[in-house]
C-alpha cells in the first residue's frame, strides 16, 4: 500500500534530551526526523509528538522542537506508557500514521502495534527511527514488517506523499533528498 497525503499524520516519538545522545546514528536520525517534519509542515498535514516521562528523560531535543513548532497542526502527548496510543486515541484522526523517533524496539514498536490493532495503516521511516543498539532496531523493524507494518525509506515516503513531479511543493521537498 502507498501513502496517501490526504489520510496521513506524522508521529514523532520520544526524541528527548537525556536519551537521544545515546542512540546509534543519532545525527542521521535527527536529520531524517527534521526532514520528515518539514515535509508534513509544507503539506500542512497533522503532526503529533510524544514525550516519555519528561521529568526523567527531559524535553524533546531543541532542533526537533524548533521544527515541530513551525507546524500549523500540532498535538503533544505526555506519557508514562511505552505506547503513545492508550489514552490518546482521539489524537489519531487519520487512517495512516507515519512514525519516526526512538526507541525502535520499545516505544516506536509498541505504538505501531497498538495503532495497527486499532485499524490504522502504519508506516515507519527506517532512517528516522533508532535505538541505543543496532540489533534492537533491526529486530524491531523485522517484527514490524512481520506484522504488516510498512517500513519505508525517506525517498519512498516523500514521493508517495507527493505522487507527481507537478506537485506545487515538489521542487522544495525534493531538495531534502539531495
Number of positions in region 123-138 that are free of Cβ contacts under 8 Å to residues at least 40 places away in the same chain and buried (at least 24 other Cβ atoms within 10 Å of the Cβ): 1
Of all residues making up region 147-166, the number that are surrounded by 13 or more Cβ atoms within 10 Å (Cβ to Cβ) and either at pLDDT below 90 or in contact with a strand residue (DSSP E or B) (Cβ under 6 Å, 6 or more places away or on another chain) (or both): 6
One residue from 32, 71, 36, 9 being under 27 Å from residue 171 (Cβ atoms), touching a helix residue (DSSP H, G or I) at 6+ places or on another chain (Cβ under 9 Å) and at pLDDT below 95: 71
Top-ranked residue of region 61-75 - restricted to ones that are out of contact with any strand residue (DSSP E or B) (no Cβ under 6 Å at 6 or more places or on another chain) and outside any helix (DSSP H, G or I), ranked as nearest to residue 120 (Cα to Cα): 73
Answer residue from region 15-50, given it is out of contact with any strand residue (DSSP E or B) (no Cβ under 7 Å at 6 or more places or on another chain) and in a loop (DSSP other than H, G, I, E, B) and is surrounded by the most Cβ atoms within 10 Å (Cβ to Cβ) among those: 43
Unmet requirement for residue 119, which otherwise passes all of (1) surrounded by 20 or more Cβ atoms within 10 Å (Cβ to Cβ); (2) at positive phi: (1)
2 or more residues in contact with a helix residue (DSSP H, G or I) (Cβ under 8 Å, 6 or more places away or on another chain) and closer than 23 Å to residue 80 by Cα: qualifying helices (runs of 4 or more DSSP H) within region 98-172: 109-117, 134-146
Contacts under 8 angstrom Cβ, first residue in region 83-106 being on the phi > 0 side of the Ramachandran plot, partner at pLDDT 95 or above and part of a loop (DSSP other than H, G, I, E, B), 6 or more apart: 87/81; 101/14; 101/15
Conditions (1) more than 20 Å from residue 70 (Cα to Cα); (2) at pLDDT below 95; (3) in a helix (DSSP H, G or I); number of the one not met by residue 1: (3)
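The values are calculated or read from the model by the stated rules, or taken from the named source; none is laboratory data. Quick caveat: nothing in here was measured; it's all calculated off a predicted structure. Counting neighbours? That spans all protein chains shown, and the Cβs are built from the backbone with ideal geometry, glycine included.
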